[in-house]
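Novice: Take this structure first; my questions come after.
Derivation of every value follows stated rules applied to the coordinates shown; laboratory data play no part. Values in this document were obtained by computation on a predicted structure and should not be read as measured data. Note that each Cβ is placed from the backbone with ideal geometry, even for glycine, and that neighbours are counted across all protein chains shown.
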Amino acid sequence: INWYQYCVTLSRMKSNTNRLVLSVILLMMISLQQVQAQDSLQNKKIAKQVLIKKNIENRNFTFIPNSLLPLGGHFKELTYEYFVTLRHDSLFVYLPYFGEMHMVPPDPTGNSLDFTSTKFDYTVTEKKKGCWNVFIKPNDQTDTNDFSFTIYDNGTAYLDVSNMYRDPISYTGNISAP
């Protein structure tokens, strides 16, 4: 029943009782629609939480940073498509780096955060319900980057990257399926 039909029906009714009954029915229908919308939203939220947990357990996710904070530096928004993608046995990293170098790395002209690794350690610890710490240590990279993620079940994630030659750097972003 739409609003126009309700008004026409209401104006045709002669009895106040009929008007009251129709008004109660309309209010119940509106309430039922709101409850269904809330249930649908809750179901989507639960499905997202389950998917994120499954992707973490299966080593299958992509981190898309939207900002970074270098040690002693200023917060920077990122507009380019940088990423860290984990696909079971492969790690793909393409991240910007800002900060100081403390020792000369084997390749001082290269970006230590642009590589692919197939030999890495992967550790997951559930901090609390809906929050995980994921630690990734590539074993085939000379710069020895350590990636420490804090991932929440709403898809928000934080990444701290440490390096033996350079200052650490932090990223804020989101987790999604690759």
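Novice: Determine the sum of side-chain charges near SER162: Lys and Arg each +1, Asp and Glu each -1, restricted to other residues whose C-beta is under 13 angstrom from that of SER162.
Specialist: Summing Lys and Arg as +1 and Asp and Glu as -1 gives -2.
Novice: Now for a different question. Can you list the HN-Hα couplings for segment 69-78, worked out from phi with the Karplus curve (6.51, -1.76, 1.60; θ = phi - 60°), rounded to whole Hz and with x for Gly and Pro?
Specialist: Once θ is set to phi - 60°, the couplings for segment 69-78 become 9, x, 4, x, x, 10, 4, 10, 7, 10 Hz.
Novice: Once the other residues with Cβ under 13 Å from the Cβ of LEU51 are scored (Lys, Arg +1; Asp, Glu -1), what is the net sum?
Specialist: +3
Novice: May I pose another question? Using θ = phi - 60° and the Karplus relation 6.51 cos²θ - 1.76 cosθ + 1.60, list the HN-Hα couplings for segment 83-98 in order, rounded to whole Hz, with x at every Gly or Pro.
Specialist: Coupling constants for segment 83-98: 6, 10, 10, 10, 10, 6, 10, 10, 10, 10, 10, 9, 10, x, 9, 10 Hz.
Novice: How far apart, in nm, are the 7 Å Cα→Cβ label points at TYR94 and LYS44?
Specialist: Modelled inter-label distance: 2.9 nm.
Novice: Place a point 7 Å from the Cα of LEU78 along the Cα-to-Cβ direction; which residues of segment 162-178 have their backbone N under 18 Å from it?
Specialist: 162-163, 166-178
Novice: For LYS129, go through the lysines and keep the ones whose alpha-carbon is under 27 Å away, minus same-chain ones fewer than eight residues off.
Specialist: Those lysines meeting the cut-off are LYS44, LYS45, LYS48, LYS53, LYS54, LYS137.
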